[in-house]
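What follows is a set of notes on a single structure, which appears directly below.
The values are calculated or read from the model by the stated rules, or taken from the named source; none is laboratory data. Fair warning: this is a prediction, and the values are worked out from it, not measured in the lab. When we count neighbours, we look across all protein chains shown, and the Cβ atoms used for this are built from the backbone with ideal geometry, even at glycine. Quick note on the areas: whole protein, heavy atoms, side chains included, nothing else; ligands and nucleic acids left out. Shrake-Rupley method; radii C 1.70, N 1.55, O 1.52, S 1.80 Å.
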Amino acid sequence: MKIENTFGIEAKARVLFTYSSEDELRNAIAIIRQQYSHLPILHVGCGSNLLFLGDYDGVVLKSNIRGVRLLKEDSDEVTVEVGAGEVCDEFIGHAISRGWYGMENLSLIPGQVGAAAVQNIGAYGVEVQDVTDHVKGISLTDGTERIWRRDECRYGYRRSIFKEELWGKYAITRVAFRLSKHFEPKLQYGGLVRATEEAGFTKDTLTAEALRQIIIGIRQAKLPDPKLLGNAGSFFKNPIVPAEKADLLLRQFPDMPHYPAEGGTKLAAGWLIEQTGWKGRSLGPAAVHDRQALVIVNKGGATGQDILKLCQAIQHDVDKRFGIKLETEVNLIS
Ligand code: EPU
């Protein structure tokens, strides 16, 4: 069975289960335990952050749990629980239309709500952890439900407990967000103030929907639409290096973008890659996007191995030039 993925890579799973409720998921887990206990399990969303290096000789689970349920409301905020199979961007649009704010900057990030919680997706100065109240999941071993409060999710930059020690052990079923009823635009990320001014807004006239449209415009200008050109967004994480290492590099490259981060200084992987000359260049059917060097695209017919070859060539050249080992942001699946 073919596995959906935004890279547009042909990859098949041995078995695929799609479920629309917790009960259906538990039934699938029971079948897996009876018939496929020898196979590994992979949980996928829309496949917007996965690179299949070949066919997947295992069981693939896919959530179609939908629904938005208001859990709590007062005059300042709401807590809403969202099915993990909802498309994250559609929920953001819905939230804004209901007057629930906080996720505008995450507009147009591909993927489902469950994957957003696993990956701690982020853009333009906001991460999903900033608005997460709790995450619900079901054990793939025994079907029991567990709830993690935000502080138990071990969130960090594109990291979570679900991506690390619990990887492959739970399916996320629902994510609860705490959203504000008062729109407070977060414009601290480089370029957003200018972009809102250029669109004719002041701090007082900017609405959440307008900010959403501005963010969508910025993303569309830089990032290829996976429907037209296969890709999985940023392929690498922005590296966090010790401050001393960043200082040394800054002496040599004074224009290098850098930001303070937990545990050191965050550098822009896109900039590092551009310096190595890879931006816009191809290796076989894989290429580095010409408007954002952090994105690898499938020009057509690429296999996971083709993409991996380009990934390794970039990692090699960035390491040689800057002494930095780029880590993939995309999950490599073999
Ligand atoms: N840059 C270059 N050349 C490039 C790309 C970037 O010099 O080809 C420089 C830019 O000029 C800028 C800096 O690098 O000074 C940062 O670039 P940008 O604002 O485009 O963001 P990014 O760090 O490359 C991150 C996220 C994106 C997110 C944007 C906006 C990661 C791995 N990526 O990219 O997330 O949309 O910030 O917040 O953290 C994703 O995760 O899939 C994703 C697209």
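Working from Cα pairs under 8 Å separated by at least six residues, relative contact order for the chain is 18 percent. Counting only Cβ charges, +1 for Lys and Arg and -1 for Asp and Glu, the dipole size of the chain around its Cα centre is about 680 debye. Computed over the chain, the quotient of the alpha carbon radius of gyration and 2.2 N^0.38 Å is 1.02. Restricting the calculation to Cα atoms, region 68-221 yields a radius of gyration followed by a Dmax of 15.9, 55 Å. In whole percent, and with a 1.4 Å probe on the protein chains, what portion of the accessible area of the chain is carbon and sulfur? Ligands and nucleic acids excluded, carbon and sulfur give 48 percent.
About its Cα centre, the dipole of region 162-254 is roughly 300 debye, where the only charges are +1 on Lys and Arg Cβ and -1 on Asp and Glu Cβ.
Rolling a 1.4 Å probe over the protein heavy atoms gives region 234-303 an accessible area of 49 Å² per residue. Using the Cα gyration tensor of region 13-63, with a ≥ b ≥ c the square roots of its eigenvalues, what is the shape: rounded (a/c below 1.5), prolate (a/b larger than b/c) or oblate (neither)? Judged from the Cα gyration tensor, region 13-63 comes out oblate (a/c at least 1.5, b/c at or above a/b). Ligands, DNA and RNA are left out, and with a 1.4 angstrom probe the accessible area of region 8-99 is 46 Å² per residue. With K and R counted +1 and D and E -1, the other residues having a Cβ less than 15 Å from that of residue 244 yield a net charge of +2. Fully extending the segment from residue 97 to residue 159, taken as 0.36 nm per residue of separation minus the present Cα-Cα distance, adds 19.4 nm. Structure shown: which of 62/266; 136/245; 163/186; 227/309; 169/299; 62/279 lie over 29 Å apart, alpha-carbon to alpha-carbon? Result: 62/266; 136/245; 169/299; 62/279 exceed 29 Å.
For the pair residue 186 and residue 253, a Förster radius of 30 Å applied to the C-beta separation gives a FRET efficiency near 0.55, rounded to the nearest 0.05.
As an exercise, use a Förster radius of 35 Å and the Cβ-Cβ distance of residue 147 and residue 332 to find the FRET efficiency, rounded to the nearest 0.05. Here the calculated transfer efficiency is 0.75.
Antiparallel DSSP bridges in the chain: what percent, to the nearest 5? Approximately 80 percent, going by the DSSP bridge assignments.
Amide H contacts of residue 52: 333, each under 5 Å away and 5 or more positions distant or on a separate chain (H built 1.01 Å from N in the peptide plane; Pro and chain starts excluded). If you sort the three axes of the alpha carbon gyration tensor as a ≥ b ≥ c, you get a/c of 1.5 or more for region 172-231 and a/b no higher than b/c, which makes it oblate.
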